[in-house]
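Report on one structure; see the data block that follows.
Since every read-out is calculated from the coordinates, none of them should be taken as a lab result. Quick caveat, the model's predicted, so the values are computed rather than measured. Cβ sites come from the backbone with ideal geometry, for glycine too, and all protein chains shown count toward neighbours.
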Amino acid sequence: MKKKYIAGNWKMNLKRAEAVELAKSIKTALKDGKNKYMLAPSFTLIQDVAEVLKGSNILLGAQNMCAEETGAFTGEVSPLQLRDLGVQVVILGHSERRHIFKESNELINTKVNLALKHGFEVILCVGELLEEREAGKAEAVCEEQIRRGLAAVSSKDMERLTIAYEPVWAIGTGKTATPEDADEIHASIRLVLKELYGEEIAQNTCIQYGGSMKPANAADLLAKENIDGGLIGGASLNAETFAPIANF
Ligand code: PGA
């Protein structure tokens, strides 16, 4: 079976001492883990968490990144600053960035290309709102976010690109897409990737599911053919809930 990619998105949670404790417990719990792992703490926690994760089998991630390298961008964090901290992976286009902070497909695409230029792995998040799902537009919304998010991304760079399908109505709500529903969207995402990059890249690209993934539903979701991993919010804030998913 293909290695799964299990990533924790800690969002705007934890202070430094708590983050260090959590990173240590997760590191211990996953030390013999067979899958690919990543943790994305808040910017202010990255340096401390980097110390804990150094030399481990867990990649260090960031939850966002500025679309510019340097200059007058108050409140932003540049890819150069993230490199300097040892960050390896950047999550881009998360629905909370799209919907609360109004990030457009164009802005996200600029960030994706800049992150790849600086050698990061990227997790590009896509997903539909509840009303879009109810209107039968889930696949179309994801397709547009992927086509526009990946504009100008080369086949070569797709090796460092993961897609996370995160239906917005499932994030942090306790509602999870059924494994069948999620797998159907994942299959449609793979089809879009095939049109853009051909069969081999489409098959090799990791497509994670995100949205209330927890120990109780992870095994069923991850057993699906097109679900290659998980991007986990709430359940990544505790080693007892993250480890059983990560050790799938
Ligand atoms: P959740 O968040 O697991 O808390 O639903 C997932 C995400 O937003 O990445």
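So for the range 67-132, taking the charge dipole from beta-carbon charges (+1 Lys/Arg, -1 Asp/Glu), which of ALA67, GLN81, ILE100 sits furthest toward the positive end?
Of the listed residues, the answer is GLN81.
Taking Rh as the Kirkwood radius, which is the inverse of the mean 1/r over Cα pairs, what is the Rg/Rh value for the range 76-154?
Computed over Cα atoms, the ratio is 1.02.
State the Kirkwood hydrodynamic radius of the range 1-77 in Å, one decimal place, computed from all pairs of distinct Cα atoms.
Computed over the range 1-77, the radius equals 13.5 Å.
Would you calculate the volume per residue, in Å³, of the smallest convex hull containing every Cα atom of the range 110-234?
100 Å³
Compute for the range 155-201: radius of gyration divided by Kirkwood radius, i.e. Rg/Rh, restricted to C-alpha atoms, rounded to two decimals.
My calculation of the ratio gives 1.06.
Let me have the 222 nm mean residue ellipticity of the chain computed from DSSP H runs of 4+ only, each contributing -39500 (n - 2.57), with the sum over all residues rounded to the nearest 500.
Per the formula, -12000 deg cm²/dmol.
Any idea how far the Cα center of the range 224-248 sits from the one of the range 149-195, in Å?
Answer, in whole Å: 16.
Which lysines, on any chain, are close to LYS137 with Cα under 25 Å apart, when same-chain ones fewer than 8 places away are left out?
Cα-Cα hits under 25 Å: LYS102, LYS175, LYS194, LYS224.
Would you calculate the convex hull of the Cα atoms in the range 68-120 and tell me its volume per residue in Å³?
Per-residue hull volume (Cα only) is 83 Å³.
Normalised by the number of residues in the chain, what is the relative contact order in percent for Cα pairs under 8 Å and 6+ residues apart?
For the chain, the relative contact order is 21 percent.
Let me spell out the model: positive unit charges on the Cβ of Lys and Arg, negative unit charges on the Cβ of Asp and Glu, origin at the Cα centre of the range 57-198. What dipole size does that give, in debye rounded to 20?
Magnitude of the dipole: close to 380 debye.
Taking +1 at the Cβ of each Lys and Arg and -1 at the Cβ of each Asp and Glu, which of ASN113, VAL90, ALA239 sits farthest along the dipole of the chain towards its positive end, judged by Cα position relative to the Cα centre?
ALA239
Ignoring solvent entirely, what values of log10 I(q)/I(0) come out of the Debye formula for the chain at 0.11 Å⁻¹ when each Cα is a single scatterer?
The Cα Debye sum returns log10 ratios of -0.52.
Using the beta-carbon distance between ASN57 and LYS137 and R0 = 51 Å, what value does 1/(1 + (r/R0)^6) give for FRET efficiency, to the nearest 0.05?
Once rounded, the FRET efficiency stands at 0.85.
Sort 69-75, 55-61 by the packing proxy (mean of other Cβ within 10 Å over each peptide's residues), most packed first.
Top to bottom by mean Cβ count within 10 Å: 55-61, 69-75.
Taking the Cα centre of the range 1-116 as origin, work out the dipole magnitude from +1 charges on Lys and Arg Cβ and -1 charges on Asp and Glu Cβ, in debye rounded to 20.
The calculation lands at about 660 debye.
Enumerate the helices in the chain for which the Kyte-Doolittle hydropathy averages 0.5 or more and the C-alpha atoms extend at least 20 Å along the helix's axis, using complete DSSP H runs.
The qualifying helices: there are none.
Let me know the charge dipole size of the chain about its Cα centre in debye, to the nearest 20, where only the beta-carbon of Lys, Arg (+1) and Asp, Glu (-1) is charged.
It comes to approximately 740 debye.
Could you grab the relative contact order for the range 28-139? Cα pairs under 8 Å, six or more apart, rounded to a whole percent.
That works out to 22 percent.
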